[in-house]
1. Run down I95, I63 and say which single residue is touching a Gly at 6+ places or on another chain (Cβ under 9 Å), over 16 Å from N8 (Cα atoms) and of a type outside the set (S, T, Y).
2. Taking region 13-23, which residues are at pLDDT below 90 and either among the acidic types (D, E) or in a helix (DSSP H, G or I) (or both)?
3. Restricting the search to region 24-45, which residues are exposed (fewer than 11 other Cβ atoms within 10 Å of the Cβ), at negative phi and not in a helix (DSSP H, G or I)?
4. Which number in (1) touching a strand residue (DSSP E or B) at 6+ places or on another chain (Cβ under 9 Å); (2) outside any helix (DSSP H, G or I) marks the one condition that Y10 misses?
5. Within the bounds of region 12-21, is there any residue that is out of contact with any His (no Cβ under 8 Å at 6 or more places or on another chain), exposed (fewer than 12 other Cβ atoms within 10 Å of the Cβ) and not β-branched (V, I, T)?
6. Look through I100, I48, I95 and report the one residue that is surrounded by 13 or more Cβ atoms within 10 Å (Cβ to Cβ) and either free of Cβ contacts under 8 Å to residues at least 24 places away in the same chain or among the basic types (K, R) (or both).
7. Give the residue, chosen from E105, E53, E62, E82, that is in contact with a strand residue (DSSP E or B) (Cβ under 9 Å, 6 or more places away or on another chain), of a type outside the set (K, R) and exposed (fewer than 15 other Cβ atoms within 10 Å of the Cβ).
8. Yes or no: region 61-81 includes at least one residue that is among the acidic types (D, E), over 12 Å from the mean Cα position of the chain (by Cα) and at pLDDT below 90.
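The values are calculated or read from the model by the stated rules, or taken from the named source; none is laboratory data. All of these numbers come straight from a predicted model, not from anything done at the bench. FYI the Cβ positions are ideal-geometry reconstructions off the backbone, even for glycines, and counts take in every protein chain you see.
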Amino acid sequence: MLHLADANNYFANIAAGISNSRPGGLEKMSNPTKDSVVAVVNASYDFIISVLEKTGPSAWLEIAKSGNQGYPKLIWYQKALEHQAHHRGQTTIYIRMLGIKPPRERLF
C-alpha cells in the first residue's frame, strides 16, 4: 500500500509540474502501522484529487514530462488509475486467501 501511495504521489507530481517527483520515500517508512498506512494512502488520493481540481479539464492535454517521457497530463492520471487497479486486484486475492471478504468496488 505504501508503494501505491508513492506511485499516486509520483503521477500527480508529474501532472502538477512538481519537479523531483521520484517515488520511493513512503515505501521506506520505518515501523508502519495500519493507521499510518491508511493515513498515507488516503493522503495520496487526496493529493491526486487536488491536482485534478487545480488543473481542470482544459489543461489535461498539456504535455507533462518525467525524464525523457512526455505525455498529456490525462495520460499520467490514467497511469495512476491503471497502477491502482493492478494492485487492487492483487490485494483482493490476498484478502480472499485469508478468508476475508474484500470490500466491494464502487463502480457507480
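1. I63
2. The first filter runs over region 13-23 and keeps only residues at pLDDT below 90, leaving 15-23.
The answer is A15, A16.
3. S30, T33, listed by residue number.
4. With respect to (1) touching a strand residue (DSSP E or B) at 6+ places or on another chain (Cβ under 9 Å); (2) outside any helix (DSSP H, G or I), Y10 is out only on (2).
5. Checking region 12-21: at least one residue is out of contact with any His (no Cβ under 8 Å at 6 or more places or on another chain), exposed (fewer than 12 other Cβ atoms within 10 Å of the Cβ) and not β-branched (V, I, T).
6. Going through I100, I48, I95 in turn, the sole match is I95.
7. Among E105, E53, E62, E82, only E62 is in contact with a strand residue (DSSP E or B) (Cβ under 9 Å, 6 or more places away or on another chain), of a type outside the set (K, R) and exposed (fewer than 15 other Cβ atoms within 10 Å of the Cβ).
8. Let us first name the residues in region 61-81 that are among the acidic types (D, E), namely 62.
This time we only want the ones that are over 12 Å from the mean Cα position of the chain (by Cα), so: 62.
In the following step, the residues that additionally are at pLDDT below 90 were identified as none.
The answer is no; no qualifying residue exists.
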